[in-house]
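The values are calculated or read from the model by the stated rules, or taken from the named source; none is laboratory data. Worth saying up front: this structure is predicted, and the values here are computed from it rather than measured. Neighbour counts are summed over all protein chains in view; Cβ atoms, including those assigned to glycine, are modelled from backbone coordinates with ideal geometry. The accessibility values were calculated without ligands, DNA or RNA, using every heavy atom of the protein model including side chains. Shrake-Rupley method; radii C 1.70, N 1.55, O 1.52, S 1.80 Å.
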Amino acid sequence: MTLPKGLAGVVVDQTKVSSTQGAVLTYAGYSIKELKNAPFEEVVFLLWHARLPSAEELNDFKKLLVSKMVLPYETVQLMARIAREPQHPMSILRTTVSLLGTTNDIERDDPPRILAKMLTAIAAIIRIRNDQPIKHVHKAWGVVENFIYMFSGNRPTPEQVAQFNTVMVLHADHEFNASTFTARVVASTKSDDYSCLTAAICALKGSLHGGANEQVFKMLEKIRQTGQDPIQYVAQRMAGGHKIMGFGHRVYKNGDPRAAILREIARQAAHETGNDDYFALQEEIKDYMFKTTRLHPNVDYYTALIYHCFNLDRQTFTTMFAACRTAGWLAHIIEQQSEGCLIRPSSEYVGETNRHYFADKEEKIID
Ligand SMILES: CC(C)(COP(=O)(O)OP(=O)(O)OC[C@H]1O[C@@H](n2cnc3c(N)ncnc32)[C@H](O)[C@@H]1OP(=O)(O)O)[C@@H](O)C(=O)NCCC(=O)NCCS
């Protein structure tokens, strides 16, 4: 039996939520190229119901999500203590989501309430870390506008809302990526939604998955601060056996379709915020990587710059990924729960065999 390392290319189950077949990302059959400017709320509805909402349903769904973007006072009090700790924001988010599953009536919580609370919790973590007062939801605004306002403290422009909306739509789901699969494994044991999400966050945190966006910006900052030649820096890192974060993909070997869309948003956002130099640096590294390795940038490469343009501290970048992906995690949790089947694969044992405890112990004593 030869198994591909990391289950690469192995189809482990079926899903109706999303697909990357043919290197085209689709949500319930719709290409992200068509959905990229659809309201985030509409895409969430699509992922959860496998159909587009009517105009009335969409309006009600928006209102419902926004109305739930409020955290109980006691949760905020507890969060304030956790979020002030000097730990990584993803560690704080992991503990916060676990906390949300203990301080609320989890039997009553449904996907809209959970998604809404996740967004508010992430925005609150960012505000508390920066010693800034928590911002409250505006009932008349949409989810994306509220989310930006709640983490930044400023009402975004319509252009910023449109840019961030696309970022959220493109991150909303991605079939059986590592964090989603983790959430599905936990859901398959009939655990609760918060446990599934906590596990998903643990998987997302790593730098080979969602944690890559932070590492991308760390690299860009380092190059800018040291004044090093970018090509020399990247070449040296690779010669030292390091991967260049934000490049390569398990599924997309000829380019991540999300990166192409995000590149344009990064270019625009960088221009509007005086960050053209960062974008030019990214372009230089991208061209060099393609020339020398044929590797393309992935979803995390350009979001790093977009988040910087939204004044986010790089340590919080992966919490943004979590905010968007919660929609997809919940869609997969719902689907997995409806299947009622435990995920419990088998492994090929490759260790020692036919050993004998008593004989080996005796031999040691004689030695
Ligand atoms: C995403 C990733 C884990 C996919 O990995 P994968 O499908 O398992 O592919 P591999 O890691 O086996 O890579 C295949 C080859 O390309 C190289 N490679 C892949 N990504 C690379 C990168 N970012 N920088 C340099 N080399 C890379 C590998 O070293 C390997 O080379 P080898 O065959 O000489 O050993 C990998 O591309 C990576 O680690 N990228 C950086 C982290 C990142 O951006 N993660 C976010 C993903 S959305």
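Translational D (Stokes-Einstein, µm²/s) of the range 1-53 at 37 °C and 0.692 mPa s when Rh comes from the Kirkwood sum over C-alpha pairs?
Stokes-Einstein gives a translational diffusion coefficient of 259 µm²/s.
Note down the net charge around residue 170, summing +1 for each Lys or Arg and -1 for each Asp or Glu among other residues with Cβ under 11 Å from its Cβ.
Neighbour charge sum, excluding residue 170 itself: +2.
Relative to the Cα centre, what is the charge dipole magnitude of the chain, using +1 at the beta carbon of each Lys and Arg, -1 at the beta carbon of each Asp and Glu, and rounding to the nearest 20 debye?
In total the dipole reaches around 360 debye.
I want to verify the translational diffusion coefficient of the range 259-329 in µm²/s; compute it with Stokes-Einstein, Rh as the Kirkwood radius over Cα pairs, at 10 °C and 1.306 mPa s.
The diffusion coefficient I find is 124 µm²/s.
For the peptides 256-263, 212-219, 298-305, what is the packing order when you average, over each peptide's residues, the other Cβ atoms within 10 Å and list the highest mean first?
298-305, 212-219, 256-263
What are the radius of gyration and Dmax of the range 234-367, computed over its Cα atoms and given in Å?
Reported Rg and Dmax, both Å: 23.7, 77.
To the nearest µm²/s, what D does Stokes-Einstein give for the chain at 10 °C and 1.306 mPa s, using the Kirkwood radius over alpha carbon pairs as Rh?
Using the Kirkwood radius from Cα pairs, D works out to 73 µm²/s.
Based on the mean of other Cβ atoms within 10 Å per residue, sort peptides 136-148, 191-203 so the most packed one is first.
Taking the mean over residues of other Cβ atoms within 10 Å, the ranking is 191-203, 136-148.
Express the carbon and sulfur contribution to the solvent-accessible surface of the range 212-309 as a percent, rounded to the nearest whole number, probe 1.4 angstrom.
That share works out to 47 percent.
Accessible area per residue of the chain at 1.4 Å probe, in Å²?
Per-residue value: 50 Å².
Past 28 Å, Cα to Cα: identify those pairs from 36/253; 33/62; 63/218; 36/68, in the order given.
Violating the 28 Å limit, Cα to Cα: 63/218.
May I ask you to give the percent of accessible area on the range 321-367 that is carbon plus sulfur, with a probe radius of 1.4 Å?
52 percent
Per residue of the range 124-141, in order, report the coupling 6.51 cos²θ - 1.76 cosθ + 1.60 (Karplus, θ = phi - 60°) as ³J(HN,Hα) in whole Hz, putting x for Gly and Pro.
Coupling constants for the range 124-141: 5, 4, 5, 5, 5, 4, 8, 6, 10, x, 5, 9, 9, 5, 9, 4, 7, 9 Hz.
Which of 68, 253, 286 moves most in a GNM of the chain, Cα contacts under 10 Å?
Among 68, 253, 286, the largest GNM mean-square fluctuation belongs to 253.
So what J values fall out for the range 345-355 if you push phi through Karplus, 6.51 cos²θ - 1.76 cosθ + 1.60 with θ = phi - 60°, rounded to Hz, Gly and Pro as x?
With coefficients 6.51, -1.76 and 1.60, one gets x, 10, 10, 8, 7, 10, x, 5, 10, 6, 8 Hz.
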